[in-house]
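Data block below; observations after.
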Protein chains: 2
Amino acid sequence: MPKRVSDSTIRRLSHYLRALEDLEGEGTGTVSSNDLAARGGTTAAQVRKDLSQFGSFGKRGLGYAVCELMSTLRSILGLDRKWRVALVGAGRIGSALFEYPNFAERGFDCVVVLDSDPAKIGRMWGDTAIRSSVELEEAIRELGVDLVILAVPQSVAQSLCDRAVAAGAKGIMNFATIQLRVPKRVHLSNVNLVLEMEALSFAITRAGPRE
Amino acid sequence: MPKRVSDSTIRRLSHYLRALEDLEGEGTGTVSSNDLAARGGTTAAQVRKDLSQFGSFGKRGLGYAVCELMSTLRSILGLDRKWRVALVGAGRIGSALFEYPNFAERGFDCVVVLDSDPAKIGRMWGDTAIRSSVELEEAIRELGVDLVILAVPQSVAQSLCDRAVAAGAKGIMNFATIQLRVPKRVHLSNVNLVLEMEALSFAITRAGPRE
DNA sequence: CTAGTATTGTGACATTTTTCACAAGTCGTG
DNA sequence: CACGACTTGTGAAAAATGTCACAATACTAG
């Protein structure tokens, strides 16, 4: 195993995993790097290189056993367990995420929702009651939260982030359009939809070749 | 100007732009690559290299004129115009996007919302009536839509995408967790939140050094 | 005008990521 | 078993991306 695995590799592993799930659904028993590449949107060599960073999972001449590779990937990605997620911010984005079926499917359990708006606190989402964000630290400790999703306005994002980290959050997914600062040990993922739109804007304006 | 500008560069330009907007708000007249780097989360050399791909905008010994660089970046990114956006899918994600203040701020005008659910069609969002997705092509042509946001289930994403492209959409922002196929001339941006969560899951599991 | 300080733009270098090419291994068939 | 069709795993080459170092320039102060 290598010292460092690139982010691009991890992204691709997720794609392979999804492709494998489809393949299993179709009843396919084994798959070649070529097929996997086609479905994952990359090349056969890339697939093999990506996988080879973690071991040898294929059989020469035959390919990869779908079922086996699937569980290997799950284990590599850390998806062979449940993740306890706290959702901070019960606005529209928060609501969309809470209902997002793919999260639960992949083992990301939203165990608590918090908001600072008194009008929202106490309201039920499914069987989860929205709690006051004052209780953030308490909730994280009490429920053993691993990951925190911050779907809050810029102005309060950094302070909530700091508090989440202090209370033991190991990863933060941030939807605010600000560059959060977190300690080295905490992992941060920024989702910035405007940025994506701007990249499209640039690409179209430039009218250069795609991708 | 170079043949090809990397995606990472474009992402950083967006960050610089945001930083410049803050700086202007603070009344700063000029900024050094160093300051810009600190705010954009990169290095001074990277800032200069990024900008140098498009021309020479700074003054040696002095730095960059905030106002001027801001409008240059806007123009490079194609943000010196309004973009006409169609939102397909009036579910929770669609709703969150529609209300997203940063989109409008950056010139992305959501001129039409479509959905296939008869219960939703005709309902008003602000002063926009939700139209039937049957009218997708018509709406795109009639309103001169440039960009289409697909916030719909996987099962219908590809077919709606094809129709949008055929009707003249130049860019697609896809929220479905499937790899859409589009012609070369059309630009595609995939937003996959599960993927981001999985990357966090991996990072934490591995417990390697951050970033 | 000169010296001193600051900061850009850029070629050369370093690192990371992707692609290529092929030996090595596997299976089915006769 | 021998052969042919296939496919992996991987070192080496190529391409892309990021870092460094420094000449060139600009402003300020005396």
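A few remarks follow.
- Filter pass, residue B:88 being away from every other protein chain (no Cβ under 14 Å), within 30 Å of residue A:96 (Cα to Cα) and in contact with a helix residue (DSSP H, G or I) (Cβ under 9 Å, 6 or more places away or on another chain): yes
- Of note, residue B:56 satisfies the criterion of being within 13 Å of DNA strand C (Cβ to nearest atom), among the small types (Gly, Ala, Ser) and more than 14 Å from every other protein chain (Cβ to nearest Cβ).
- Residue list for region B:59-81, restricted to those being among the polar types (S, T, N, Q) and within 14 Å of DNA strand C (Cβ to nearest atom): B:72
- If you go through region B:28-53 and keep only what is away from DNA strand C (no atom under 11 Å from the Cβ) and within 14 Å of chain A (Cβ to nearest Cβ), you end up with B:38, B:39, B:40, B:41, B:42.
- Restricting B:108, B:57, B:98 to residues that are in contact (Cβ under 8 Å) with a residue 12 or more places away in the chain and within 16 Å of DNA strand D (Cβ to nearest atom) narrows the list to B:57.
- Taken as a whole, the condition of being among the β-branched types (Val, Ile, Thr) and closer than 28 Å to residue B:81 by Cβ applies to residue B:172.
- The residue that is nearest to the chain's Cα centre (by Cα), among those in region B:22-40 that are within 15 Å of residue A:178 (Cβ to Cβ) and surrounded by 14 or more Cβ atoms within 10 Å (Cβ to Cβ), is B:40.
- Among helices (runs of 4 or more DSSP H) entirely within region B:124-211, having at least 2 residues that are within 7 Å of chain A (Cβ to nearest Cβ), touching a His at 6+ places or on another chain (Cβ under 9 Å) and buried (at least 20 other Cβ atoms within 10 Å of the Cβ) singles out B:193-206.
- Each residue in region B:70-105 was checked for being more than 20 Å from residue B:175 (Cβ to Cβ) and in contact with a strand residue (DSSP E or B) (Cβ under 8 Å, 6 or more places away or on another chain), and 1 pass.
- Inter-residue pairs, beta-carbon under 9 Å, first facing another protein chain (nearest Cβ under 9 Å) and in region B:65-84, second in a strand (DSSP E or B) and surrounded by fewer than 21 Cβ atoms within 10 Å (Cβ to Cβ), 6+ apart: B:83/B:109
- Taking the numbered list (1) more than 12 Å from DNA strand C (Cβ to nearest atom); (2) farther than 15 Å from residue B:69 by Cα in turn, residue B:24 passes all entries but (2).
- Options A:4, A:12: the member that is of a type in the set (Lys, Arg), within 21 Å of residue B:190 (Cα to Cα) and within 8 Å of DNA strand C (Cβ to nearest atom): A:12
- Residue in region B:71-93 that is crowded, with 21+ Cβ neighbours inside 10 Å, at pLDDT 95 or above, closer than 15 Å to residue A:195 by Cβ and near DNA strand D (Cβ under 10 Å from one of its atoms) present: no
The values are calculated or read from the model by the stated rules, or taken from the named source; none is laboratory data. Keep in mind the model is a prediction, meaning the values are calculated, not measured. Note that we place each Cβ from the backbone using ideal geometry, even for glycine, and neighbour counts take in every protein chain shown.
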